[in-house]
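Heads up, the thing below is written out as structure tokens.
The values are calculated or read from the model by the stated rules, or taken from the named source; none is laboratory data. What you see is a predicted model; the values in this text were computed from it and never measured. Here the Cβ positions follow ideal geometry from the backbone for every residue, glycine too, while neighbour counts run over all protein chains shown. Side chains are part of the model used for accessible areas, which takes the heavy atoms of the whole protein and leaves out ligands, DNA and RNA. Shrake-Rupley method; radii C 1.70, N 1.55, O 1.52, S 1.80 Å.
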Protein chains: 2
Amino acid sequence: MSLRYLTSKLAQQIDEELMGSVGHFSIDQLMELAGLACAQTLATVYNKERYPRVLVCCGPGNQGGDGLVAARHLGLFGYKPTIWMPKPGSKEIYQRLKVQCDNMRIPALEPSQDVQSLKEALSSSDVILDAIFGFSFKPPARPPFDAALPLLTQSGLPIVSVDVPSGWNVDEGKIDEHALEPDVLVSLTAPKEGVRNYKGRHFLGGRFVPKILEEKYQLNLPEYPGISQIVELPRAEKL
Amino acid sequence: MSLRYLTSKLAQQIDEELMGSVGHFSIDQLMELAGLACAQTLATVYNKERYPRVLVCCGPGNQGGDGLVAARHLGLFGYKPTIWMPKPGSKEIYQRLKVQCDNMRIPALEPSQDVQSLKEALSSSDVILDAIFGFSFKPPARPPFDAALPLLTQSGLPIVSVDVPSGWNVDEGKIDEHALEPDVLVSLTAPKEGVRNYKGRHFLGGRFVPKILEEKYQLNLPEYPGISQIVELPRAEKL
């Protein structure tokens, strides 16, 4: 039985069931475990001695929240993260997550539509955590993210993308030329249809899927090793 | 600078600041990370091949919640946990955490004042996770926990205690003869005054303390290794 790749519609449905009447998880719980998995993936591939300065790029939705959690854990791991979150979500949870980063003395760029500060931050970073768009992304990317994606690519820095590389079509993959080409991807809960042929190092995180949901949707998740919150998936065959 | 041991009063104060106006953490976040650290500690010392059946003993307070989270993660790690929670707290969070365990098909003993079912469960367990009393415990232990503690000891099973071994005085240590003598202890946030001379294997979990609180209270926490959520402390000298 092979690992199931989720359509954007099914991903949305499972997410609702995890937090709703089936899973009874709070968003705080899931975001904490998801963000931890993202931080652990980055730290597994890019060590803090050579890649201490992580630019954590956060979108306006839940994935931006995962990014804030990841930034905090990266700070706890001894990295020097910086947050770029140009359009912070209005939900109360993002404000709490941001204060938690402030309390770790993690700097953040001033929210702005102008990408000049992002450009400068890129020139003093070692690696990017892309937590901009997730499985609910609908193209096109809106400002300032439309301008940001090419800058991230042009920086030449290694990129770790969360769940779906930003700019990719969740179901169809990389069809937009400005979409990112990350070196590392960490899928959450289960990988999405669009990344089926993703060629970089691919990890799975979100070791929280209850048995009843895994069975209901026949996710066929791989076995996570030991006490780890992440598992590396075999690389896709070159086409 | 040596690791600070917290009085029960200071532990209470730091806990309030973590969740209140300083830390802005939700209880869901802290309990998730604390319970994960407990599960990881047990799994680090007692492997699932030899010790698959974990009896997770949960008290009526927040530590019982940590126990429920730990039980869920142990289930995800491939252990066969069973929950004993004779007096489930009334807070809504405990109900959610319990459903999350149900969704992992983790069995629970029927809540009861009678310890007969506990006795039977002990005879088919390999290791105990003691999440009964934490840093807000005030003696004496009330029923059915007063009867349970000697049963846990008599079982001869290895015991992993969370934060403070159940029955110990948080500030003064083991002064009650019925208090547990765990083989392993996982302190959360920072160790408590009463366990300063604890002689078993001692881990620290709760890798979430913000820098500003660590500095304010001069906790002098040890460095956690890599991406781990736990760190083993040096053993106390034999007196």
Q) Of the residues A:Val162, A:Val184, A:Val209, which is within 26 Å of A:Thr44 (Cβ to Cβ), in contact (Cβ under 8 Å) with a residue 12 or more places away in the chain and in contact with a Cys (Cβ under 7 Å, 6 or more places away or on another chain)? A) A:Val162
Q: Pick out the one residue from B:Ala71, B:Ala43 that is at the interface with chain A (Cβ under 8 Å from one of its Cβ atoms) and either assigned to a helix (DSSP H, G or I) or among the aliphatic types (A, V, I, L, M) (or both).
A: B:Ala43
Q: Would you mind finding the one in A:Arg50, A:Arg4 that is of a type outside the set (Gly, Ala, Ser), part of a loop (DSSP other than H, G, I, E, B), open to solvent by 10 Å² or more (accessible area, probe 1.4 Å) and out of contact with any helix residue (DSSP H, G or I) (no Cβ under 9 Å at 6 or more places or on another chain)?
A: A:Arg50
Q. Before we move on, is B:Ser166 of a type in the set (Ser, Thr, Tyr) and over 15 Å from the mean Cα position of the chain (by Cα)?
A. no
Q: Might you check whether a residue that is at pLDDT below 95 and surrounded by fewer than 22 Cβ atoms within 10 Å (Cβ to Cβ) occurs anywhere in the stretch A:97-106?
A: no
Q: Could you please let me know if B:Pro88 is open to solvent by 40 Å² or more (accessible area, probe 1.4 Å), under 21 Å from B:Leu33 (Cα atoms) and away from chain A (no Cβ under 14 Å)?
A: yes
Q: Please work out if B:Met19 is touching a helix residue (DSSP H, G or I) at 6+ places or on another chain (Cβ under 8 Å) and open to solvent by less than 30 Å² (accessible area, probe 1.4 Å).
A: no
Q: Mind telling me which of the residues A:Gln29, A:Gln13 ends up being in a helix (DSSP H, G or I), more than 9 Å from chain B (Cβ to nearest Cβ) and at pLDDT 95 or above?
A: A:Gln13
Q: Among residues belonging to the stretch B:137-152 that are in a loop (DSSP other than H, G, I, E, B) and closer than 28 Å to B:Leu10 by Cβ, point out the one that is nearest to the chain's Cα centre (by Cα).
A: B:Phe137
Q | Residues satisfying the stated conditions in the stretch B:93-119, i.e. more than 10 Å from every other protein chain (Cβ to nearest Cβ) and part of a helix (DSSP H, G or I) | A | B:Tyr94, B:Gln116, B:Ser117, B:Leu118, B:Lys119
Q: Would you please name the residue that is surrounded by the most Cβ atoms within 10 Å (Cβ to Cβ), looking only at residues in the stretch B:113-127 that are under 27 Å from A:Ile212 (Cα atoms) and in contact with a Pro (Cβ under 7 Å, 6 or more places away or on another chain)?
A: B:Val127
Q: Kindly establish whether A:Leu36 is over 13 Å from A:Val160 (Cβ atoms), part of a helix (DSSP H, G or I) and open to solvent by 10 Å² or more (accessible area, probe 1.4 Å).
A: no
Q) Hey, any hits in the stretch A:193-207 for a residue that's within 25 Å of A:Trp168 (Cα to Cα) and facing chain B (nearest Cβ under 10 Å)? A) yes
Q: Could you grab the pairs with beta carbons closer than 6 Å, sequence gap of 6+ or different chains, first residue in the stretch B:21-36 and under 18 Å from B:Arg96 (Cα atoms), second one of a type in the set (Ser, Thr, Tyr) and open to solvent by less than 10 Å² (accessible area, probe 1.4 Å)?
A: none
